[in-house]
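To start, the structure itself, in structure tokens.
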Amino acid sequence: MRTETNDILFAYWNAVRSGRMAPRRFEIEPSQIASILPDTFILEFEAPSAYYYRLAGTRICETLDRELRGEQFVEGWRENDRFALQRHLTSVRKLGAVSRMLIEAASPKAELVRFELLILPLMHSGESIDRFLGALVAIDPPNWLGTRPLAEFRIIETESTYPADDVAEETAPTAMGPRIEPPVLPNIRSARIVRQQRRQFRVYQGGLSQTGKET
């Protein structure tokens with residue numbers, strides 16, 4: 001994470017999740033993340049492929065200069081990036097992925113500002129993921145932010161992780177007894193998929209990561 005807000009939100013979500021693919025919506029207590037609520041939002045999935053704001057924090061609404069409740073999440077994004085955004089939301093909904101994006105927007109004076117977007121899965125009813133907890137946080141926010149309209153968001157970099165997979169891999173039984181990881185690429189489930197512009201990377205923890213670097 002590049003922002004403290006998203007560090008806090010992910011840590012809280014992960015604690016409430018307690019090893020499951022996703023926590024339930026009613027388990028999220030706003031009072032536990034009161035300090036970051038202005039930067040958070042909740043989305044609702046509506047079949048076949050729509051995602052609507054159910055709630056949006058005051059700072060997000062001020063930044064985008066409008067009330068977002070009821071608006072489609074893909075509104076206000078560059079046309080070329082909407083498909084990629086839908087694809088990431090589908091991964092969050094179907095696979096329990098955690099999606100982090102570095103995005104950019106510009107003021108009418110062509111002043112650029114970057115944001116870190118975090119999207120986390122939630123279950124509302126039944127066993128399917130149909131709610132999403134997220135945060136949109138400006139990185140080094142300029143003093144004009146919130147006073148000038150922003151042009152369409154543009155995706156700079158994306159990263160998907162699957163935090164429930166490690167637990168599933170370790171605990172899932174098989175007909176032959178406890179599951180044993182194959183010796184080749186044992187960390188594939190803990191890899192992070194990073195996309196930057198048109199390039200894609202799979203980042204593994206290990207090797208030089210012991211010294212704070214990733215290989």
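What the table shows:
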| item | result |
| --- | --- |
| Criterion violated by residue 100 - all others in (1) more than 17 Å from residue 150 (Cα to Cα); (2) touching an Asp or Glu at 6+ places or on another chain (Cβ under 6 Å); (3) charged (D, E, K, R); (4) in a helix (DSSP H, G or I) satisfied | (4) |
| Flag for residue 38 being in contact (Cβ under 8 Å) with a residue 12 or more places away in the chain and buried (at least 19 other Cβ atoms within 10 Å of the Cβ) | no |
| Scope region 1-35; condition in contact with a strand residue (DSSP E or B) (Cβ under 6 Å, 6 or more places away or on another chain), assigned to a helix (DSSP H, G or I) and surrounded by 18 or more Cβ atoms within 10 Å (Cβ to Cβ); matching residues | 5, 6, 9, 13 |
| Subset of region 115-128 (residues that are of a type outside the set (S, T, N, Q) and either surrounded by fewer than 16 Cβ atoms within 10 Å (Cβ to Cβ) or not in a strand (DSSP E or B) (or both)) | 124, 126, 127 |
| Pick from region 58-94, criterion in a loop (DSSP other than H, G, I, E, B) and touching a residue at least 40 places away in the same chain (Cβ under 8 Å), ranking: farthest from residue 20 (Cα to Cα) | 65 |
| Condition check for residue 131: closer than 30 Å to residue 32 by Cα, at pLDDT 95 or above and open to solvent by 80 Å² or more (accessible area, probe 1.4 Å) | no |
| Among (1) within 19 Å of residue 3 (Cβ to Cβ); (2) open to solvent by less than 20 Å² (accessible area, probe 1.4 Å); (3) in a strand (DSSP E or B), the one test that residue 138 misses | (2) |
| Residue check, residue 107 touching a strand residue (DSSP E or B) at 6+ places or on another chain (Cβ under 7 Å) and either modelled with pLDDT under 95 or of a type in the set (Phe, Trp, Tyr) (or both) | yes |
| Count of residues meeting criterion [touching a Phe, Trp or Tyr at 6+ places or on another chain (Cβ under 9 Å) and open to solvent by 80 Å² or more (accessible area, probe 1.4 Å)] in region 53-66 | 2 |
| Any chance residue 84 is under 26 Å from residue 129 (Cβ atoms), surrounded by fewer than 21 Cβ atoms within 10 Å (Cβ to Cβ), aliphatic (A, V, I, L, M) and within 18 Å of the chain's Cα centre (by Cα) | yes |
| Criterion: in a loop (DSSP other than H, G, I, E, B), hydrophobic (A, V, I, L, M, F, W, C) and free of Cβ contacts under 8 Å to residues at least 60 places away in the same chain - qualifying residue of 110, 105 | 110 |
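The values are calculated or read from the model by the stated rules, or taken from the named source; none is laboratory data. Since the structure is predicted, the reported quantities are computational estimates derived from the model, not experimental observations. Neighbour counts are summed over all protein chains in view; Cβ atoms, including those assigned to glycine, are modelled from backbone coordinates with ideal geometry. Each accessible area value is taken on the protein alone, full model and side chains, heavy atoms only, with ligands, DNA and RNA left out. Shrake-Rupley method; radii C 1.70, N 1.55, O 1.52, S 1.80 Å.
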